[in-house]
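Structure first, then comments.
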Amino acid sequence: MPTRRHFVCALPAAWLSLTISPVRAQTTALSAALGKPDTVLVLRHARAPGVGDPDQFKLGDCATQRNLDAQGRSQARLSGERLKSARFRPTLVASSAWCRCQDTARLMDLGPVHTEPLLNSFFNADRATRDAQMQKLSRYVDGLDPRGGPYLFVTHQVVITALTRHDAESAGGVLIELPSKGGARKATVFPALTSGS
C-alpha cells in the first residue's frame with residue numbers, strides 16, 4: 001500500500017505536527033527545481049493595491065473587487081516571461097476564482113487557466129470554514145502525481161501562509177517539491193521574479 005504523503009497547513013495541532021522543511025535556495029537552485037515535474041509553484045497574485053475586498057464584493061463581478069493595477073498587470077506578464085525563460089512548463093495552471101488571481105494567471109500565459117475554488121481567499125471567513133478548506137486543499141495536493149507536473153497555483157497570501165507557513169509578496173510565493181515516497185516536503189520561498197526590476 002502506498003505511503004500517504006502529508007502536507008503542512010495552518011490547522012489544529014494534529015495537522016501542525018506534520019513537517020515541511022523551509023529552505024531559502026539560490027536562484028540557480030530555484031531555476032533547476034522549476035524544470036522538475038514534482039513541483040508545485042504556489043504564487044500570490046500580482047500587485048493589486050489595498051487589503052481584502054470592498055464591502056460590495058461579488059465573486060462574479062470584477063468591478064466590485066480589488067483588481068490588478070497597471071503595475072500588477074506588467075508584473076504578471078514579466079513573471080510569465082521569466083518563468084518561460086527558466087523552462088517552467090506547468091501541466092496544470094489552477095487559480096482562485098477572484099479576478100486578480102485569474103488575471104494574473106492569464107497574463108502569465110503559461111497555459112489554460114482552470115478555476116479551483118480550494119484556492120479561493122478566506123480572508124473574511126470564520127476559522128471553521130478556513131480549516132475545512134485547507135484540509136481539502138491539502139488532500140488535493142496529496143493527490144497530485146509527482147511525475148505529472150510541474151504545477152502552478154495562483155492564489156492569495158492567506159492561503160499560501162496557511163498552507164506553507166510562509167508569507168508571499170505580490171507575484172511571489174513558495175515552490176514545493178513533492179516527494180515520490182512520503183517524507184518531508186521541501187518548501188522554498190520563491191521571490192517575485194520582478195523584484196528589483
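FYI, it's all coordinate maths here, none of it is from the lab. Because the structure is predicted, anything quoted here is derived from the model rather than measured. Here the Cβ is made from the backbone with ideal geometry for all residues, glycine too, and neighbour counts use every protein chain on show.
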Can you give me the convex hull volume of the Cα atoms of region 66-197, divided per residue and expressed in Å³? 109
Give me a comma-separated list of calculated 3J(HN,Hα) values for region 97-113, in order, Karplus coefficients 6.51, -1.76, 1.60 applied at θ = phi - 60°, integers in Hz, x for any Gly or Pro. 6, 4, 4, 5, 6, 4, 5, 4, 4, 5, 5, 5, 6, 10, x, x, 9
Unit-weight point scatterers at every alpha-carbon of region 25-90, Debye formula, q = 0.14 1/Å: log10 I(q)/I(0) is -0.58
Going fewest to most other Cβ atoms within 10 Å around each Cβ, His166, His114, His45 line up as His114, His166, His45
Where a ≥ b ≥ c are the square roots of the eigenvalues of the C-alpha gyration tensor, would you call region 69-117 rounded, which needs a/c under 1.5, or, failing that, prolate if a/b is larger than b/c, or oblate? oblate
What residues qualify as long-range amide H neighbours of Phe190, i.e. H under 5 Å apart, gap of 5 or more or another chain, H built at 1.01 Å from N? Gly173, Val174, Leu175
Using only Cα atoms, locate the centre of region 40-60 and the centre of region 64-86, then give the distance between them in Å, rounded to an integer. 13
